[in-house]
Amino acid sequence: MVITVGLLGNPNVGKTSLFNKLVGARQYVANWPGVTVTRIEGATSYRDYTLHFVDLPGVYSLSATSLDEKVTRDFLLFTPPNVTVVVIDSMTPEQGMYLLLESLELGLNVVAVFNTIDEAKKNGINIDKEALQTFLGVPVVLTSAHTGEGIDELKETIINSFKKVTRTKLFEYGEEIENLIKKVENCVSNEYNKRFMAIKYLENDKFVRELINNCDFTTDESIATEIAKKRYEYITAIISRCFTKSNNLLSTMEALDHVLTHKYLGIP
Ligand code: GDP
Ligand code: K
Ligand code: MG
């Protein structure tokens with residue numbers, strides 16, 4: 001049985017290093033159809049399965065503003081892998097978690113990997129894996145592509161995730177934006193993930209605006225800004241709860257707003 005796995009993440013978070021640890025020499029390089037962006041694939045056997053990995057071009061969001069982003073998003077949108085591993089740098093998790101939220105909105109079957117755990121440990125940063133799983137609603141694996149920590153656990157988790165697809169409760173943007181999302185969803189055809197497309201529409205995504213051209217619905221830039229702001233508030237709340245530095249708090253937590261933690265996670 002073959003399981004297809006996409007490795008998704010920001011540039012420089014360790015996707016290719018993990019890929020090399022996972023598949024070793026059994027890899028080959030090609031181009032993505034029609035473009036000169038490199039496509040790296042490889043497979044490894046684990047238990048009764050063949051895990052077929054695709055090392056996707058690094059992206060900061062699923063907004064498809066660059067060629068790399070368009071290649072990655074089109075792959076996920078039109079040919080979603082069985083499992084999408086979202087690789088996040090444990091030392092700077094914000095931007096990676098932003099991409100994770102978008103991946104969940106796209107309805108992907110996600111495993112969250114917090115990589116560079118060796119550096120985190122060296123810096124006395126403790127990551128509460130259980131709490132992360134609870135708040136994000138997806139399986140979490142802590143890895144180091146340098147020491148090999150978590151690699152077998154990642155393979156196990158991919159197989160479990162394939163056998164039992166996680167459908168997490170999605171992040172909500174509050175009444176005003178949720179009402180707008182519902183309105184736009186009515187214009188999206190059934191072949192697409194309606195919520196993802198509606199949110200991208202409200203974010204003024206050019207490609208999505210062209211696809212959904214039957215929606216005579218204008219919004220100003222403030223909605224897109226508000227969507228990004230809500231995502232970052234939610235992420236800040238999760239990080240401040242799940243990342244701690246022995247004795248004192250992380251720098252990202254210095255800006256910690258307890259109101260946010262309460263608002264988004266229900267923790268006093
Ligand atoms: P990619 O752009 O996501 O494919 O990232 P790369 O795999 O090319 O890694 C970027 C840099 O991070 C390289 O210098 C790697 O050696 C380093 N790196 C990747 N994973 C780890 C890790 O788990 N721990 C540490 N300390 N460094 C890592
Ligand atoms: K790095
Ligand atoms: Mg790479």
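In this Cβ point-charge picture (+1 for Lys and Arg, -1 for Asp and Glu), the stretch 128-173 has a dipole of about 320 debye about its Cα centre. For the stretch 182-204, the residues whose amide N sits under 11 Å from a probe point set 7 Å from the Cα of residue 214 along the beta carbon direction are 186-191. Taking trypsin sites (Lys or Arg not before Pro) as exposed when their DSSP state is a loop state and no more than 13 other Cβ atoms lie within 10 Å, the longest site-free interval of the chain runs over 48-163. Across the chain, Cα pairs under 8 Å and at least six residues apart give a relative contact order of 16 percent.
Based on DSSP H runs of at least 4 residues, each adding -39500 (n - 2.57), what is the mean residue ellipticity at 222 nm of the chain after dividing by all its residues, to the nearest 500 deg cm²/dmol? Per the formula, -13500 deg cm²/dmol. Multiplying the residue separation of residue 147 and residue 125 by 0.36 nm and subtracting their alpha-carbon distance yields 6.2 nm. Taking the chain as a whole, the Cys residues whose C-beta sits 4.7 Å or farther from every other Cys C-beta are 242. Cross-link partners for residue 164 among the aspartates and glutamates, with Cα-Cα distance under 17 Å and sequence neighbours closer than 8 places in the same chain left out: 48, 153, 156. Put simply, the amide H of residue 141, placed in the peptide plane, has neighbours under 5 Å in 112, 113, 114, leaving out anything fewer than 5 places away on its chain. Separation of the stretch 13-61 and the stretch 175-207, taken as the distance between their Cα centroids, equals 31 angstrom.
Taking a straight line from the alpha carbon of residue 200, these lysines sit under 18 Å away, with near neighbours fewer than eight places off in the same chain left out: 70, 182, 183, 229, 230. Out of 232, 201, 28, any idea which swings most in a Gaussian network model of the chain, alpha carbons joined below 10 Å? With Cα springs under 10 Å in the chain, the top fluctuation among 232, 201, 28 is at 28.
Quick note: the coordinates plus some simple rules give every number you see, no bench work behind them. Computed from a predicted structure; not experimentally measured. Cβ coordinates were reconstructed from backbone atoms using ideal geometry, including for glycine residues, and neighbour counts include every protein chain displayed.
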